[in-house]
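Here is the structure we will look at.
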Amino acid sequence: MPTLGRDAARQRLIDEALAERVAEAERVKQMHREFMARKLSEAEERRLAGEPDAEDEEEEEHEDEDEELERMHQRVIEQRKELAARSREAERRILDYYDPKQGGPSTTLGSTASMTSPHSTTTRTPLPPMRFTDVVYKSVKDYELCEAVNILSVKIGSLDVDFPIHVYGTIIARDSLDEKCVYLFRRDRQDYQTINSEEESLILTGPKRGLALIISSTYIVTNLIIKGDERQEDRELSKGILEISGIERRVLKKCELASCSLATRLSTVDVMYVVVKDAVEATISVKILAGEFFGKITACASSIKKSLVLHDSRLAHITSGEKLSPVVVPLLRSVVAVYVKEKLLLRIAAHTENGEIARYIDPKVNGSSQYVKVVWSIIDF
């Protein structure tokens, strides 16, 4: 598909505006000719009828002519305003259509081969986690498990402006379960996240259910904006689609760690993820039964040690001396896909005055007692 460059698009816009102005001038001339012809015809009719050419009648005619010319002038002004508005709208569409990093149209404006217009709806998925907790899986004879995706991190790998930046907007996932929005990152303008370097990850708060990778691809859709200030307007940071290929395009013998990048607008966004073979969905909750806890909780599988963050007390605005017991620890994310033949590993790291104390699902950390609950479910339609 041929692409329209920015310069060619602007020239087309200029040519259309010039053509419209020429046509507008011709319309004004035609209106003036019709007006003068009508006045001459009326004067000729009065002369043939023998009506006197009184001075007051001439004054009235001049007044009528002035009023008509004023109306024509106002009409021209309105047409120019309308043309300017149309030009601004065309310019906005060109800027939205053309992405300089991709050298052509933004991928959010097209469709994909296996999913119709993944950008076209903002409907949130109605499917919750833990939908098949009553299913007992013992072997492949019971159920055919599907593959799944764990999104480990999303980072701003490169930036065309200087750090730090204040980021808001959305990152969503769409899988083949219902092709609807599963939010990974969602912040409004007042709840922006400050990114100080390319090493920092966006704080992900989803998915709220397991992301299936059945036959068709799973898509990651970014719509991120840099918040401006009194000297700088808001600017688009990233806007596009990343595709994680479905199983019909690969042979998966084990869980795979992978990454992909999207270069659009003012940045390159790097996404690290794991494709999980024969996945089951683990929904995790952690409760403090006694004592205090200030630290970090992460999860990973036994084969791939790259972790995803479930809780970070610093991100949850919890201070070191604040008592959490006995309450449920607020988790940024609670759902992890796990290969049915592997172990789920939870790492609980408590931050103390003497440094970090880290253990894997140990009920005694920093003098606190914690209750960890994992609810298992298959991932299916």
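Of note:
- Nearest-0.05 FRET efficiency for GLU233 and SER302, computed from C-beta distance (R0 56 Å): 0.70
- Over 27 Å [Cα-Cα, segment 108-276], rounded percent: 29 percent
- Once the C-beta distance of ALA43 and MET72 is scaled by a Förster radius of 25 Å, the resulting FRET efficiency is 0.80 to the nearest 0.05.
- Relative contact order %, segment 108-276, counting alpha carbon pairs below 8 Å whose residues are six or more apart: 27 percent
- Candidate lysines for bridging to LYS343, where Cα separation is under 26 Å - those fewer than 8 sequence places away on the same chain excluded: LYS138, LYS141, LYS208, LYS253, LYS254, LYS277, LYS287, LYS296, LYS305, LYS306, LYS364, LYS373
- Using 0.36 nm per residue and subtracting the Cα-Cα separation, the extra length available between ALA258 and LYS81 on full extension is 58.5 nm.
- Computed on segment 122-195, with alpha-carbon pairs under 8 angstrom and 6+ residues apart, the relative contact order is 35 percent.
- Distance-filtered residues of segment 170-197 - backbone nitrogen under 20 Å, label point 7 angstrom along THR205 Cα→Cβ: 170-174, 180-196
- Extension gain, ASP142 to LYS343, is 70.3 nm, computed as 0.36 nm per intervening residue step minus the present C-alpha separation.
FYI, it's all coordinate maths here, none of it is from the lab. These numbers come from a predicted model, not from an experiment. Cβ sites come from the backbone with ideal geometry, for glycine too, and all protein chains shown count toward neighbours.
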